[in-house]
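I have placed the structure first, in the form of structure tokens, so that the comments after it can refer back to it.
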Amino acid sequence: MVLDFTAIFSQWQLLIDGALLTAKLAMVTTVTGFLIGTLCAIARRSQSVFCARVAAIYVESIRNTPFLVQIFLVYFGLSSLGFSFTAFTVSVIALTINVGAYTAEIMRAGFESIHKGQWEAAETLGLTKWQQYWHVALRPAIERVYPSLTSQFILLMLASSVTSQISAEELTATANFIQSETYRPFETFFIVAGIYIALSMLMRLVFWLFGLAIFPRRRRLGTTI
């Protein structure tokens with residue numbers, strides 16, 4: 001087999017556009033997924049049986065079904081209800097729903113790691129439940145599970161490749177188009193694999209720098225992700 005990357009590199013603009021869309025998907029859904037996951041983690045620890053059960057059903061349903069099935073349910077479900085969204089918007093919704101469930105369990109573990117005495121001290125000071133989470137538990141909980149959150153969000157970026165199945169023009173969809181035009185599937189996906197590795201390393205670097213910025217103790221101890 002003779003490898004020829006010339007035709008692939010001639011499509012460099014398409015590869016860049018696909019990589020940028022993949023990065024945009026990862027950035028948006030990291031934020032929205034973290035917010036939903038944190039709220040669900042709080043709900044699962046709530047004294048309200050209804051909230052706890054609804055959150056548990058959501059988390060277990062998502063964690064026990066394939067992402068491909070989830071994205072098809074969102075895509076065709078919204079269409080059947082008469083809603084018309086772009087492939088990017090549907091991808092964001094599906095990825096957010098997916099990563100939110102996994103983030104909920106990670107954040108729940110973080111909240112559970114907070115010593116009981118800190119919760120009791122917060123109650124003694126008269127703080128409401130939301131104030132306890134915001135002022136007492138949130139930051140140390142995130143710090144303790146930060147490596148797990150980082151890994152989960154990198155996996156989210158890689159999972160965005162599935163959105164090519166609903167015609168989102170991210171990196172994998174771009175690769176499929178290029179290989180159909182050039183008839184060079186191995187060379188195409190070899191380069192795309194390298195781009196995914198580069199994106200993963202870039203995300204890891206960004207999260208590491210962010211962690212150093214918001215967790216001074218990690219900087220003093222030289223903690224890595």
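The values are calculated or read from the model by the stated rules, or taken from the named source; none is laboratory data. Everything quoted here is computed from the prediction, not taken from an experiment. Heads up, the Cβs are rebuilt from the backbone with ideal geometry, glycines too, and the neighbour counts pull from every protein chain shown. Heavy atoms of the whole protein, side chains included, go into the accessibility calculation; ligands, DNA and RNA do not. Shrake-Rupley method; radii C 1.70, N 1.55, O 1.52, S 1.80 Å.
Report the charge-dipole magnitude of the chain in Debye, nearest 20, computed about the Cα centre from +1 at each Lys and Arg Cβ and -1 at each Asp and Glu Cβ. If you can, show how the numbers build up before the last one.
Working: 16 positive and 12 negative charges, 209 e Å.
That gives the chain a dipole magnitude of about 1000 debye.
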In nm, to one decimal, how far is the modelled label at S79 from the one at A7, with both set 7 Å along Cα→Cβ? 3.1 nm
Taking the Cα centre of the chain as the origin and placing charges on Cβ (Lys, Arg +1; Asp, Glu -1), which of S164, A193, L95 is farthest toward the positive end of the dipole? L95
Extended-chain gain in nm, criterion 0.36 nm per residue less alpha-carbon gap, Q118 and I197: 24.4 nm
Determine the sum of side-chain charges near T22: Lys and Arg each +1, Asp and Glu each -1, restricted to other residues whose C-beta is under 13 angstrom from that of T22. -2
Please work out which option in [x] -0.35, -0.73, -1.25, -1.39; [y] -0.41, -0.80, -1.20, -1.30; [z] -0.46, -0.85, -1.20, -1.28 gives log10 I(q)/I(0) by the Debye sum over Cα atoms at q = 0.09, 0.13, 0.17, 0.18 Å⁻¹ calculated from these coordinates, and answer with its label. [z]
Ordering V59, V54 by how much accessible area each has at a 1.4 Å probe, largest first, what is the list? V54, V59
V49/L212 FRET efficiency (R0 45 Å; Cβ-Cβ; nearest 0.05): 0.65
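Going by accessible area, probe 1.4 Å, with all protein chains left in place, what is the ranking of T174, T86, largest first?
Accessible-area ranking of T174, T86, largest first: T86, T174.
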For segment 66-225, what is the relative contact order in percent, using Cα pairs closer than 8 Å and at least 6 residues apart in sequence? 22 percent
Label point distance in nm, Y183-A56, each placed 7 Å from Cα along Cα→Cβ: 5.9 nm
